[in-house]
Every structure is written in structure tokens, then in C-alpha cells.
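Before any comments, here is the structure.
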Amino acid sequence: MVSTGKKVAFGVGGLVVVAGAGFAILASQSNQSATTSKAVSVGSFKGDYKNPKSPIKGGNISVTVPGTAADPVSFSGYSEFVQWSSVQQELGPTGGNSLFYTDKHGKIINGGPAEYKVDKDNKTVTITLRDNLKWSDGKPVTAQDVLFSLETLATNDVAAGNFTNSYLSIKGLADYQNGKAKDISGVKLNDGADGKKLTVSYSTLPAAADWGDGVPSYAMPYHDLKNVASKDLATSEKVTKTPLSFGPFKVASVSTDSTVKYVRNSEYWGKPARLDSINFYVNQDMSKLENDLAKQKFDIVTKVPTSLWKNGDQPQLSKYDNAKGYAATGNYDSGYWELYFNLGHFDKKTTTNVQDRQTPLQDANVRKAVGYAMNVGDVTKKYSNGFDQPAKTLVSKDPEKEEFNINSIKSFHD
């Protein structure tokens, strides 16, 4: 949900809508042309809002992201250590120190902080950083910083939560991760540690490498963090209070409740952001949101609870519509719901599923009959206000996945 009272511009990416009804985030890792997507219309909900006002110059905007009071978040200035989705959203103004721009389908494109080139025959990916890419302290972003990010993901206990098995396709990474090697043999710093280019060699090139799968996609400032022990990195003030960035904004301060203030980054390589600053709040108590909205405390609310929707099921804010200074925005989500049947047990010795239960459900036609009897299609049409739609495939209508969505396939409930 966004304020209709002012039009803001962030220098890179602008304001875009993302998955789900009624919320939007700041994006700074898509290129300018890729931020414009098809307007979404679901039931009575219109997913986009075009502010007719002229962009403001300077000023500050305030953003709130959802949190849970029972599970307080801790801010991390680097994506490698992020453990909460709300904190990842907080990193929006910095771009999360992501190296690549992506198109509307999430596919890597050139023109951002780094260039990307894949050689499928030789199973390599070459990453070339911009010559003028600098950290917010004025130091250059180097190939060593990209390698440092990958090494941290592979070996740090906290960062391990963001490590994916696709990285294991990089030659020598498994041996490095297991302590059998001091270096990752598959990563070559072409012009040395202080250079701007590195080549990554794979035993098997990940099928989705063009979407960043298995590709080192972040950088961490080695010069600033090299003297911090790995076990202390995630909780170091250099990470939680004074992180560096190479995006349009940099962290100015972080409060004890993980409220982050960003200011314009004078070392940013691209067009300077128009805003002077951004305040990000993690809303630990969503029950207070209605009172905050009444006072127009925030300019952007990334998620609005359904309790504030009209009749509880329609994304029209009963009290905070356009006339009150807010507009709801959104996009297709990528989730889906499945129905499972218990037909047996898992045999640990043979690691296979054994269908040995004595039940009529062993007959596939009986299972189909149960599915049809549930009448999910008609139920969702009547009660979901158009937000739930019968799935045709496991690939949703989310713009990032639409390349692989086959619309001609007939739905189970069509």
C-alpha cells in the first residue's frame, strides 16, 4: 500500500509492486525499463496505482514492513546474513549489494553493478564489475569482495541459511567447504584480488544459471570485514550497525528495534537518488497498524493484514482508500496449494515410499473423485474475491515465471 500524497523516485528502479495484494516494496536491482509490468486486475482489486503528481525533490519517506512481536528481528546490512524476509525488504534502498540487474522474468541482464557472461561449452561464468563501482566509504568493489561473499556463504554458520546446493557445482567448493582445501579452485580472480573480473568454473553448469542459480551474485567488503572472526561476523557492529553498500542509499543509523535510516550514497555509480533519506520500520505489532495509518505515519506499507480489508476478504481498505491518502497495490503471487493422500509409509532402509495402507484411496480414480467432490474451483470463485485461482501447472502467473507458464493446459477444475 502506498501513499497517494506524494510521488517518489529512488534513482534506480523506482517504486514497483510485488507479489500479493496490498503491498509494495522498494526495488533497486531491476533495471529502469523492467520495473513496468502489466497491470493486475483481480475481482474488484486493481493492482497498480499511477500517481499523477510530479516527483518531489529531496525529502524523506517512511516504510513499514511486517514483523512478529513473538519473533523480533535483528537487522543485518548484508544479504548473506539475513534470516528474516522483513530484513531483506529493509535492504531495498541499498540493493542488498546484489551484483546484477534482472529483467521482469528475473533473468540476469547487463547494465547494472556487474556484467555477466556465460560460456556453456566451457561451463564458466565470467563476472566483470563496473570500473566505478565503489563501496559507500569510497573504496572500490573488487573481485576479492565477490569471492569473500561466496566463501562466507559456504562456511559461516549464520550465512549457511542462505547457501544453496547449486553452489556445489562450482569446482572445488565442496572441498573448501569441508576444510579439505584452502581455496575454491573453481574461482579465478583474473586480474588479482584488487581487480574487477573473476571467472567461475563449474563441474556442471546449473540449468538456471541465467537466473542466478549457483552464480556468486553478491559482494561483501573484504577490506572492512577481514579482521572480524567468522563466528562473530553476523553479530558484528560492522554488519548490524555500520554496513557499507554500493547502492543508491547507505545506512546512516540502526536503532535497537531494527529501525533503519538510509541517506543518499554519494559514492553511488548511477544517477543520484532524488530522495534525501528513507526510514524503514519493522512493524512488530501489526495490531497497531490501523492507528498508524490513521495518523498517516507511513508512506509505504509493504503488507496490510486482511483484518483491515473491506469485509475481511476484499483488498479495498475500508477506512484507508485513495480518498484517505492511500492506494492498495499488488501483483500475482507464486504460491499454490496441494492435496496429499496418505497411502503408506516411508522405508528408511530402502529410502522409498511404500504404498501399503489398506484403503480405497489406493485407487487413483477414487483420489480423483475426492478432488472433484471438493469442488475447489467453484468454492474459490465464490469466496476468494478472485484471489485464488485453480492452478493449471506448478508454475504460477507471477511475471518472473510467466515464460514457463503454459496457459493452454486445462485446469483440474475447468
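The values are calculated or read from the model by the stated rules, or taken from the named source; none is laboratory data. For clarity, every value in this text was computed on a predicted model and none was experimentally measured. Note that each Cβ is placed from the backbone with ideal geometry, even for glycine, and that neighbours are counted across all protein chains shown. The accessibility values were calculated without ligands, DNA or RNA, using every heavy atom of the protein model including side chains. Shrake-Rupley method; radii C 1.70, N 1.55, O 1.52, S 1.80 Å.
Quick check, is D145 under 25 Å from L244 (Cβ atoms) and acidic (D, E)?
Here the answer is yes, as D145 does meet what is asked.
May I ask you to list the residues in region 152-161 that are open to solvent by 30 Å² or more (accessible area, probe 1.4 Å) and not hydrophobic (A, V, I, L, M, F, W, C)? So that I can check it myself, show each step before the final result.
Filtering region 152-161 down to residues open to solvent by 30 Å² or more (accessible area, probe 1.4 Å) leaves 155, 157-158, 160-161.
Residues satisfying the conditions are T155, D157, G161.
Working carefully through the options T164, T128, T64, find the one that is of a type outside the set (A, V, I, L, M, F, W, C), farther than 20 Å from S245 by Cα, touching an Asp or Glu at 6+ places or on another chain (Cβ under 9 Å) and open to solvent by 40 Å² or more (accessible area, probe 1.4 Å).
One residue alone meets the criteria, T164.
Can you find, within region 365-390, the residue that is farthest from G106 (Cα to Cα) among those that are in contact with an Asp or Glu (Cβ under 9 Å, 6 or more places away or on another chain) and either in contact (Cβ under 8 Å) with a residue 40 or more places away in the chain or part of a loop (DSSP other than H, G, I, E, B) (or both)? Residue satisfying both the conditions and the ranking: Y383. Looking only at residues in region 204-215 that are open to solvent by less than 70 Å² (accessible area, probe 1.4 Å) and in contact with a Ser or Thr (Cβ under 6 Å, 6 or more places away or on another chain), the one that is farthest from S149 (Cα to Cα) is P206. Checking the stated criteria, F341 turns out to be at pLDDT 70 or above, open to solvent by less than 90 Å² (accessible area, probe 1.4 Å) and of a type in the set (F, W, Y). Within region 337-355, being of a type in the set (S, T, Y) and more than 25 Å from N365 (Cβ to Cβ) holds for T350, T351. Could you list, in sequence order, the residues of region 75-85 that are crowded, with 24+ Cβ neighbours inside 10 Å and either under 10 Å from the mean Cα position of the chain (by Cα) or closer than 15 Å to N162 by Cβ (or both)? Of everything in region 75-85, those that are crowded, with 24+ Cβ neighbours inside 10 Å and either under 10 Å from the mean Cα position of the chain (by Cα) or closer than 15 Å to N162 by Cβ (or both) turn out to be S76, G77, Y78, E80, F81, V82. Identify the residue in region 167-176 that is under 14 Å from Y202 (Cβ atoms) and in a helix (DSSP H, G or I) and, among all such residues, is least open to solvent (accessible area, probe 1.4 Å). Within region 167-176, the match that is least open to solvent (accessible area, probe 1.4 Å) is L173. Put simply, of G179, G192, G186 the only residue that is on the phi > 0 side of the Ramachandran plot and open to solvent by less than 50 Å² (accessible area, probe 1.4 Å) is G192. Evaluated against (1) in a helix (DSSP H, G or I); (2) out of contact with any helix residue (DSSP H, G or I) (no Cβ under 7 Å at 6 or more places or on another chain), T350 falls short on exactly one condition, (1).
Answer with yes or no whether D48 is part of a loop (DSSP other than H, G, I, E, B), at pLDDT 80 or above, surrounded by fewer than 19 Cβ atoms within 10 Å (Cβ to Cβ) and over 14 Å from the mean Cα position of the chain (by Cα).
The answer is no for D48.
Remark: E90 falls outside the filter, which requires a residue to be in contact with a helix residue (DSSP H, G or I) (Cβ under 6 Å, 6 or more places away or on another chain), modelled with pLDDT of 85 or more and buried (at least 24 other Cβ atoms within 10 Å of the Cβ).
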